1. Of K23/K88; K8/K198; K37/K198; K124/K182; K116/K201; K37/K201, which sit over 18 Å apart, Cα to Cα?
2. Find the Rg to Rh ratio for segment 24-78, where Rh is the Kirkwood radius over alpha-carbon pairs and Rg uses the same atoms.
3. Among rounded, prolate and oblate, which fits segment 100-187 when a ≥ b ≥ c are the square roots of the eigenvalues of its C-alpha gyration tensor, a/c under 1.5 means rounded, and a/b larger than b/c means prolate?
4. Which value, in debye to the nearest 20, gives the size of the charge dipole of segment 60-103 about its Cα centre, when Lys and Arg are +1 and Asp and Glu are -1 at the Cβ?
5. For helix 100-109, report the angle its Cα long axis makes with the longest principal axis of the Cα atoms of the chain; keep it between 0 and 90° and round to the nearest 10°.
6. Taking K and R as +1 and D and E as -1, what net charge do the other residues with C-beta under 14 Å from the C-beta of D192 add up to?
7. Using a 10 Å Cβ count of at most 15 others and DSSP loop calls, identify the longest part of the chain lacking such GluC sites (Glu not before Pro).
8. From the square roots a ≥ b ≥ c of the eigenvalues of the alpha-carbon gyration tensor of segment 60-135, which class results: rounded (a/c under 1.5), prolate (a/b over b/c), or oblate?
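Values in this text are rule-based calculations from the coordinates and carry no lab data. In this text the structure is predicted, and so the values were computed from the model without any measurement. Here the Cβ is made from the backbone with ideal geometry for all residues, glycine too, and neighbour counts use every protein chain on show.
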Amino acid sequence: MIATESYKPKEFNLNGLNGISDKTLEMHFKLYEGYVKETNKLNEKVAAFLADGNVDQEEMPLYSELKRRLGFEYNGMILHEFYFENLKNGGGGDPESKSSFYQAAEASFGTYEVWKADFGGTGKMRGVGWAMCYEEPVTGRLSNHWISLHQTGEVAGFNPVLVMDVWEHAFLLDYKPAERPKYIEAFFSNIDWNAVEKRLKYAKRDSAGISR
Ligand SMILES: [Fe+2]
C-alpha cells in the first residue's frame, strides 16, 4: 500500500507589508492552498492507479497526465512556501555586510549590488514564473535563475535561498502589469534576511567563516 499522507497548508502572518497589500496576500494564500490541495489529490490518484501493483498499458494516458502535473503542483506549493517565508513585516534593507549571504553575494558576483542587479533583472524577464537565488552545492556560490511557470528551469540539488514570485497574481491588485519593477522594489523592501541567512547550507562550511 502506497503512503498518501497529505500536506497541510502552512499559515503565514504577513499583514502590513510595504507595497504588497493585505488583499493581494489574502488572495495569494488562497491560491497557495489550491496548490496544496491539488498536490494531495494528484498523489491520491497516482496511488489509486498503483493499488493493483502496476500500471497497465490502458491506464498509461491518464497516469502520464497525472505524472506530468506533479512537478507543476508540487512546486506551486513549495515555491510559495519559500516565497512567503522570505518576507516579513519590518523586513527589507540590505543584508548585514558581515552576513554569510552578503559575503556569498560578494564572492559570487564581485559586489552585493551586482548580485542584486542580476536577481532583479531575472525577475523582470518577460513571462510568468519565479526569480530564484540558489546556493550551488559544490562551490557555495550564489546563482540566480528563472523558472517558467513553477517547474521549468529548476536546477536539481541547488539550494533555494531567496525566492520571488513574479506571476502577475503576485502584484496585479497593487500594480499594473507593466509595473513589475515597482513590485520587485516592494518585494525587496520586505525581505526577511534572517530567513534567507538560515537557508544557507554550503557558504557557512568554510572554517574561517568566509563564504567561498
Ligand atoms: Fe504566486
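1. K8/K198; K37/K198; K116/K201; K37/K201
2. Rg/Rh for segment 24-78 comes to 1.12.
3. Taking the square roots of the gyration eigenvalues as a ≥ b ≥ c, segment 100-187 is oblate.
4. Working: 5 positive and 6 negative charges, 34 e Å.
It comes to approximately 160 debye.
5. Result, in degrees: 90.
6. On the way: positive: K88, K198, R199; negative: E81, E85, D94, E96, E197.
Taking every other residue near D192 into account, the sum is -2.
7. Answer from the scan: 97-212.
8. Working: a/c = 2.74, a/b = 2.21, b/c = 1.24.
Here segment 60-135 falls in the prolate category.
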